[in-house]
């Protein structure tokens, strides 16, 4: 490693974060820098790690390696991990409220030195929060996860040669209060037997196993249940999405493709929302025609959420990290101690050294 190169730690707690951070890993390697992975807790499947990817298994190993920066798609990272802490988000702001009655996407947990935001819709609120707390900086970079989608170099494992039917992707969040999967089961079962469309079904990794098994049992020549750690090829394969409140619908919209939601309370004009089961199929028929007014609203929304379509968000993140390292963090206020949160993280990682 040359004296000018940097070390980046990819800090993850869920298996879906592999796909979130791999574009960043590619950009880091292209620069000639070093990159390692670290898994928090036991919800990351280590078998998804590729032979070319390096993992540090303990906090002691991480401290010995001395990363310059830690890239985190989750909400928290311990203060005893070396390097500047960079929040890159695990999804878009879907407007979900936490138990404190605040939008979870904008909850400040006193862990990060830099937030790399996805577009004006999130940048402006984070700038206001940075002015309020003065403990972190903000850079609008776009979301690295989407780089492969915009570069157009995704594999196409869900294409079926000779089958030109429209493809409907059904996704649902795991939260019992927000998930539409139980409510729409019978309707999807009926629609999947009609044969007019091809169905792909994919759920959040935390979805109830009972629901997962019910939908797996629906598999037929028209419906495929998909379990994957990389949803981008899935999004690429579909023409229309049926969803609820899951932030994956925003990733789908960014392709310029329409989404039908069931019982989505946000009432956004870029979505076609229905509240009655019998309205789902007519809504899907309508959006498959891509009505001009709807598509214009989708484009307007996407420009606000994520205006970057060049596939270079990873490079912008690394540039922002370079600037933070060069400037240092001395101009930031010390973060609140948050002793309880850091005690929980020490307990989770089994690390008690000072």
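The values are calculated or read from the model by the stated rules, or taken from the named source; none is laboratory data. Just so it is clear, the structure is predicted and the values come from calculations on it, not from any experiment. Note that each Cβ is placed from the backbone with ideal geometry, even for glycine, and that neighbours are counted across all protein chains shown.
Given the criterion without any contact (Cβ under 8 Å) to a residue 40 or more places away in the chain and touching a helix residue (DSSP H, G or I) at 6+ places or on another chain (Cβ under 6 Å), identify the matching residue among 155, 166, 125.
125
Looking at the stretch 96-107, which of its residues are touching a strand residue (DSSP E or B) at 6+ places or on another chain (Cβ under 9 Å) and closer than 20 Å to residue 130 by Cα? Let's see the steps before the verdict.
Pass one, the stretch 96-107, residues touching a strand residue (DSSP E or B) at 6+ places or on another chain (Cβ under 9 Å): 96-97, 103-104.
Listed by number, the residues that qualify are 103, 104.
How many residues does the stretch 127-163 hold that are closer than 30 Å to residue 335 by Cα and assigned to a helix (DSSP H, G or I)?
Selection size over the stretch 127-163: 9.
Are any residues in the stretch 210-229 surrounded by 18 or more Cβ atoms within 10 Å (Cβ to Cβ) and in a loop (DSSP other than H, G, I, E, B), and if so, which ones?
The answer is 222, and nothing else.
Given 322, 304, which one is at pLDDT 95 or above, under 26 Å from residue 115 (Cβ atoms), in contact with a helix residue (DSSP H, G or I) (Cβ under 6 Å, 6 or more places away or on another chain) and surrounded by fewer than 17 Cβ atoms within 10 Å (Cβ to Cβ)?
304
Residues of the stretch 54-63 being out of contact with any strand residue (DSSP E or B) (no Cβ under 6 Å at 6 or more places or on another chain) and outside any helix (DSSP H, G or I), which ones?
Result: 57, 58.
Residues checked against (1) outside any loop (DSSP other than H, G, I, E, B); (2) surrounded by 22 or more Cβ atoms within 10 Å (Cβ to Cβ):
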site	(1), (2)
270	no, no
273	yes, no
293	yes, no
308	no, no
317	yes, yes
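Give 77, 88 a once-over and let me know the one that is in the same structural domain as residue 136 (by TED's automatic domain parsing) and farther than 22 Å from residue 147 by Cβ.
77
Go through the stretch 125-140 residue by residue and tally those that are touching a strand residue (DSSP E or B) at 6+ places or on another chain (Cβ under 9 Å), more than 18 Å from residue 313 (Cβ to Cβ) and surrounded by fewer than 20 Cβ atoms within 10 Å (Cβ to Cβ). Talk me through it step by step, then tell me what you get.
Applying the first criterion (touching a strand residue (DSSP E or B) at 6+ places or on another chain (Cβ under 9 Å)) to the stretch 125-140 yields 125-127, 129-130, 136-140.
Filter again for more than 18 Å from residue 313 (Cβ to Cβ), leaving 125, 127, 129-130, 136.
Adding the requirement that they be surrounded by fewer than 20 Cβ atoms within 10 Å (Cβ to Cβ) leaves 125, 127, 129-130.
Selection size over the stretch 125-140: 4.
How about the stretch 21-43: which of its residues are under 18 Å from residue 90 (Cβ atoms) and modelled with pLDDT of 95 or more?
Across the stretch 21-43, the qualifying residues are 21, 22, 23, 24, 25, 37, 38, 39, 40.
Evaluate the following for residue 313: is it in contact with a helix residue (DSSP H, G or I) (Cβ under 6 Å, 6 or more places away or on another chain), crowded, with 20+ Cβ neighbours inside 10 Å and farther than 24 Å from residue 185 by Cα?
Yes, satisfied.
Which members of the stretch 203-221 meet the condition of being in contact (Cβ under 8 Å) with a residue 40 or more places away in the chain and in contact with a helix residue (DSSP H, G or I) (Cβ under 9 Å, 6 or more places away or on another chain)?
Residue satisfying the conditions is 204 alone.
If I ask for residues that are touching a residue at least 60 places away in the same chain (Cβ under 8 Å) and over 28 Å from residue 352 (Cα atoms), which ones from the stretch 34-71 would you list?
48
Please find, within the stretch 238-268, the residue that is modelled with the highest pLDDT out of those that are surrounded by fewer than 19 Cβ atoms within 10 Å (Cβ to Cβ) and over 18 Å from residue 306 (Cβ atoms).
Ranking the qualifying residues of the stretch 238-268, first place goes to 239.
Test residue 249 against the stated conditions and say whether it is part of a helix (DSSP H, G or I) and closer than 20 Å to residue 166 by Cα.
yes
Of everything in the stretch 77-121, what is outside any loop (DSSP other than H, G, I, E, B), modelled with pLDDT of 95 or more and more than 14 Å from the chain's Cα centre (by Cα)? Give them in sequence order.
84, 85, 86, 114, 115, 120, 121
Quick one: in the stretch 64-76, of everything that is crowded, with 20+ Cβ neighbours inside 10 Å and in a loop (DSSP other than H, G, I, E, B), which residue is modelled with the lowest pLDDT?
First, the residues of the stretch 64-76 that are crowded, with 20+ Cβ neighbours inside 10 Å: 67, 69-73, 76.
Within this subset, residues satisfying the condition of being in a loop (DSSP other than H, G, I, E, B) are 67, 73, 76.
Values: 67: 98, 73: 97, 76: 94.
Ranking the candidates gives 76 first.
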